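The structure under discussion appears below in the form of structure tokens.
No value in this document is a laboratory result; all are computed from the given coordinates. Please read these numbers as outputs of a predicted model, since none were measured by experiment. Positions of Cβ are generated from backbone atoms using ideal geometry, with glycine treated the same way; all protein chains shown enter the neighbour counts.
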């Protein structure tokens, strides 16, 4: 049995990228809102702690001084990740409660996960108990950036072809509204809402969005962390979505001179430019 990467697009209410435009977008101060959100998250961390009942971790509200029941504020436990989006500096926070035995995805891969999303007042707006696939290019930036801090589990197959995962990564991702839905209200999510996600990461698949033999994560030619601004043939289609990256009429997948399945290591004219990015690769 092969576990297939069935990517779910636009079927879950709250994770897809928001498309609606707020009437106040033109005057919205995203940088100022980022600072407000961070202050709100830091206050939340001061007032909450995590605790477990066996294997189940939950977040509780700190009541009074830290006592023997270990109400240690999240402030002392979360890690911070800096994320720049549209020239705005954001802080995303995460907390690992279980380290997986597998690998971490990049922010352009797909993940097989369960999750529960909540507001800072504990209102749950979405959850998934059974694992589901998500393409990290198709979800809010808080997810695509946050999941890189978690590792996958181990696939266990049963004789009847059913399967389950064990020793998977788990924890929380906390992020500001700028990495979520910004100033666009989403049903029960008010505008400018920082979000909290409890997640378990079962598996991941390395993505090749244009099926050209080059992993999406390797189509960031200038290594700036943005795959959308790499367009070798200047045809308006970024390389990660372009099956002929150099526009020479030969599909990238077919510019694999040594037939090893990897077009990135073929440089026929030894000029330092792989054939799939070189319009004149003949030596």
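Full-extension gain between residue 155 and residue 59, please, as 0.36 nm times their residue separation minus the C-alpha to C-alpha distance.
Details: separation 96, 0.36 × 96 = 34.56 nm, distance 2.81 nm.
So the extension gain works out to 31.8 nm.
Only Cα pairs under 8 Å and 6+ residues apart enter the sum, and on that basis the relative contact order of the chain stands at 16 percent. Report, in whole Å, the centroid distance computed from the Cα atoms of segment 141-175 and segment 246-270. Between the Cα centre of segment 141-175 and that of segment 246-270, the gap is 34 Å.
Give me the extension gain from residue 222 to residue 241: residue separation times 0.36 nm, minus the current Cα-Cα distance, reported in nm with one decimal. Before the final figure, lay out each step's value.
Details: separation 19, 0.36 × 19 = 6.84 nm, distance 1.61 nm.
Stretched out fully, the residue 222 to residue 241 stretch lengthens by 5.2 nm.
With an 8 Å cut-off on Cα pairs and a minimum separation of 6 or more residues, tell me the relative contact order of segment 162-251 in percent.
Values: 118 pairs, mean separation 17.1, N = 90.
About 19 percent, as a whole number.
A full extension of the chain between residue 39 and residue 271 corresponds to an added length of 78.4 nm, given 0.36 nm per residue minus the alpha carbon distance.
If you bin all the Cα-Cα distances of segment 79-121 at 10 Å, starting from zero, the percentages per bin are 17, 45, 35, 3. Taking 7 Å steps out from each Cα toward its Cβ at residue 29 and residue 116 produces label points 3.7 nm apart. Just one of (i) 0.99; (ii) 0.94; (iii) 1.03 is Rg/Rh (Cα atoms, Kirkwood Rh) calculated from these coordinates, so which is it? Matching entry in (i) 0.99; (ii) 0.94; (iii) 1.03: (iii). Each peptide in 185-196, 248-259 gets a packing score, the mean of other Cβ atoms within 10 Å over its residues, and the list from highest to lowest is 185-196, 248-259. Distance between the pseudo-spin-label points of residue 250 and residue 76 (7 Å out from Cα toward the beta carbon): 6.2 nm.
Kindly express, to the nearest 10 degrees and within the range 0 to 90, the angle between helix 30-47's C-alpha long axis and the longest C-alpha principal axis of the chain. Its long axis makes an angle of about 50 degrees.
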